[in-house]
1. Using 0.36 nm times the number of residues separating residue 69 and residue 150, minus their current alpha carbon distance, what extension gain do you get?
2. Between residue 79 and residue 37, what's the calculated FRET efficiency when r is the beta-carbon distance and R0 is 30 Å? Round to 0.05.
3. With a cut-off of at most 16 other beta carbons within 10 Å, and DSSP calling the residue loop, which trypsin sites (Lys or Arg not before Pro) in segment 20-109 qualify? Please list them.
4. Expressed in nm to one decimal, what extension gain is obtained for the pair residue 206 and residue 47 from 0.36 nm per residue of sequence separation less their Cα-Cα distance?
5. Explain nothing, just the number: relative contact order of segment 88-246, from Cα pairs under 8 Å at least 6 residues apart, as a whole percent.
6. Taking 0.36 nm per residue of separation and subtracting the Cα-Cα distance, what length does fully extending residue 126 through residue 177 add?
7. So what are the three principal axis dimensions of segment 88-246 from its Cα atoms, in whole Å, longest to shortest?
8. What fraction of the Cα pairs in segment 26-153, stated in percent, has a spacing above 22 angstrom?
Amino acid sequence: MVNLGEQAAGSEKPLASEKTLGQVAYDALRGMILSGEIRPGERLAERELARRVRVSRTPLREALGWLARDGLAVSRPGLGYFAVEFDPELVAEMYAFRELMEVRASEMAARRISDAGIAELAAVMKRLALYESEAELTIEKLRDEVHLGLRIHEIIARECGNRFVCDALLQLYDRMRLLTWIDALWFDKWELTRQEHRELVAAVSTRDPERAVIASRHHVQRAGSDALWVITAQHGETPQMAKEMRR
């Protein structure tokens, strides 16, 4: 689905050979982090990683910068880069809270969404349809699609009409941006996410609260289950433990 040979968005334009090596390094490091080969919280030592990925330190540093921007790594001044760390129990609690708040917000939004809100959702879906029509997406385009997917939830939160619910969800979404990438990059379930987004938008836009509740709950529970599978695997636990934590 993703063409990793393209330059990530926002980076300085390197030479063609460096561009390819930077993307190769990014792809390799991303896979190591999401698979658990690089442990959560582990320091990303440049010299060792350059040896393992078989690139020089210049494209490796480029890749580390992309990882930090995408939420897969964190930069600590004077110490370097570290793999992002999520605690499985924290992830379970985040998704449980998201389900409580988002299902309610979707129901409320379906009852009171404005015509402007419906038009805004339609504009987002129109842009997403352009990406769905492409056989392969570059990292830049996938990043934009992930952002637009999050935008759907932000619009619905705003349209629910409760400022406290909206503020709580927006803060939560900021903390969960990496987990959104799990859908897109690890489980390769982005097409399923697309379908779930279409159903949620249709439910809210047609002002159908019951349908919105069902669509929202299904989307959050499915995404949460997948995220927990990855996070528990990173921590050396079993998928069964992820299922138990979801109960």
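1. 27.5 nm
2. With a Förster radius of 30 Å, E is 0.90.
3. Within segment 20-109, the qualifying trypsin sites (Lys or Arg not before Pro) (loop, at most 16 other Cβ atoms within 10 Å) are 54.
4. This chain segment gains 51.7 nm when fully extended.
5. Relative contact order here is 38 percent.
6. Additional length available on full extension: 16.1 nm.
7. Extents along the principal axes: 48, 36, 24 Å.
8. Looking at segment 26-153, the distances longer than 22 Å represent 56 percent of pairs.
Values in this text are rule-based calculations from the coordinates and carry no lab data. This one's a predicted model, so the numbers in the text were calculated from it and none came from an experiment. As a convention, Cβ positions derive from the backbone with ideal geometry for all residues, glycine included, and neighbour counts pool all protein chains shown.
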